[in-house]
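This report concerns only the one structure given below.
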Amino acid sequence: MLATLIPLFDENISVKAYSLFSQKKNLFLNPSLAGTGYNDGAGNINGLDIIDSIGINNLVSGADVFVPVTDISLFTGIENLCKAPAERIVLLIDNSVKPEEQFIKRIKDLRSKGYKFAIRKLTIADFEPYRQILLLMDYILLNHRKLVIGNAKIYFSKMYPNIKLVACGVDTMDDFKMLKKSGGYSFYEGDFYRLPITKGATEVSPLKTNYIELLNIVNGPDFDLTDAADVIGRDTALVISLLEIVNRIAVNSEITSIRHAAAMLGQKELKKWITTAVTKQLCDDKPSEISRTSLLRAKFAENLANLFDLGAQSQELFMMGLFSIIDIILDKPMKEALEMLHVSKNVQDALVDGTGPFAPVIEFIQGYEVANWALIDRVMLMNHLESDSVYVAYIDSLKWFKTLFPEKK
């Protein structure tokens, strides 16, 4: 079984919810699932355990999770399958759930227990026949290309004033800006927030240049702790973060200087902290999901190293994942952005040209995070990867990410 979480954004490009996408088995190895075997195990809610595995509070604070259910799994003991609070779960149905009494009754029952509901795959012609179900929905997912949002806004505000509209497949920033300006949508889903920079050149701010210098120092062979400490000292936010982490591991020690704090961490721990803290700072002027994507890709790549027979290069793969959206972070084409960093030829080949031994790993990660299961199935088959091992690698990266930025009590 495979599963991934795809973010839903508000108009400020802040993550407000996640949509759970899952696949129970590799279709290349189980072709019957694409035909008559499609409903095998349909009573299960695939991927629901991902929420329990990482804990719903380990997602963005307050974010709900949209969990797809079928016309069959809707009648399973959903209440007993997930430990997460019902009010944080949005059960996502589609047009397989018909506007019939049995479904309406079940939806009402689950709503009485705190669950919210969303619906997708309805055409405009379905809106009226589905009236009794739409009256019970909290959200409706819409293909923004197939309707005029102005008309939809008027229609839904009049007929279903309590339902929120979600725009799906928003794949360009121009589309996002247009839809945002038109108003009507509460959430947006798509790749618009992380489009690569392919042309033009922009100046990198002095602060980001400082961060890049720091990354280059710690990625050099046997780097000097004092050099790193001196660069850290130029940025107040990094100094505060460094002191916080040192104070956690040395409760009663009196830190006399930034160099002293760096020495207490040592090379290995300082490099680990700098890699994550600096990435977060580099993304400070970007949507929060950018830093999350960068760090999750880094850890996921590291976790996949052994599966791709690249175990000896796991740290190099970590850096590849980390810098896989450096073009977005620095507002520069990937080749120009990587020229500012000390990366290996393997990393550069994979990120710039999609070639070399690391290319299949980043292709796999990019496909996984958008639930491109056809691509994932193909790569898994070619590289003899087991679904369970991949799933564990992904879950571990989610857990690791949350340890980096624990919620303040």
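Only the coordinates and a few stated rules stand behind these numbers; no lab work does. None of these values were measured; they are calculated from a predicted model. Cβ sites come from the backbone with ideal geometry, for glycine too, and all protein chains shown count toward neighbours.
To the nearest µm²/s, what D does Stokes-Einstein give for segment 288-404 at 37 °C and 0.692 mPa s, using the Kirkwood radius over alpha carbon pairs as Rh?
On the way: Rh = 14.2 Å.
Once the numbers are plugged in, D ends up at 231 µm²/s.
Using the Karplus curve 6.51 cos²θ - 1.76 cosθ + 1.60 with θ = phi - 60°, what ³J(HN,Hα) values do you get for each residue of segment 158-166, in whole Hz, with x for Gly and Pro?
My calculation for segment 158-166 gives 7, 8, 9, x, 9, 8, 9, 9, 10 Hz in order.
In segment 209-282, if every C-alpha pair distance is counted and binned at 5 Å from zero, what percent goes to each bin?
Using 5 Å bins, I get a P(r) of 3, 17, 34, 27, 14, 4, 1 for segment 209-282.
Please find the FRET efficiency linking Asp230 to Lys345, where r is the Cβ-Cβ separation and R0 is fixed at 25 Å, and quote it to the nearest 0.05.
With R0 = 25 Å, the Cβ-Cβ based efficiency is 0.25.
Could you work out how far the C-alpha centroid of segment 283-309 sits from that of segment 47-124, in angstrom?
Computed from Cα coordinates, the inter-centre distance equals 28 Å.
What is the calculated FRET efficiency for Phe223 to Ser314, with r their C-beta to C-beta distance and R₀ = 25 Å, to the nearest 0.05? Mind dumping the intermediate values first?
On the way: r = 19 Å, r/R0 = 0.78.
The formula returns an efficiency of 0.80 here.
So what are the radius of gyration and Dmax for the Cα set of segment 230-353, in Å?
Cα only, segment 230-353: 16.0, 50 Å (Rg, Dmax).
So what's the gap between the Cα centers of segment 346-387 and segment 146-192, to the nearest angstrom?
32 Å
Could I have the simple spin-label model distance between Ala86 and Met173, label points 7 Å from Cα toward Cβ, reported in nm to one decimal?
4.3 nm
Show which aspartates and glutamates lie in cross-link reach of Lys286 when reach means a straight Cα distance below 15 angstrom and same-chain residues fewer than eight apart are skipped.
Asp10, Glu11, Asp191, Asp327, Asp331
For the chain, how big is Rg over Rh, using alpha carbon atoms and the Kirkwood form of Rh?
1.00
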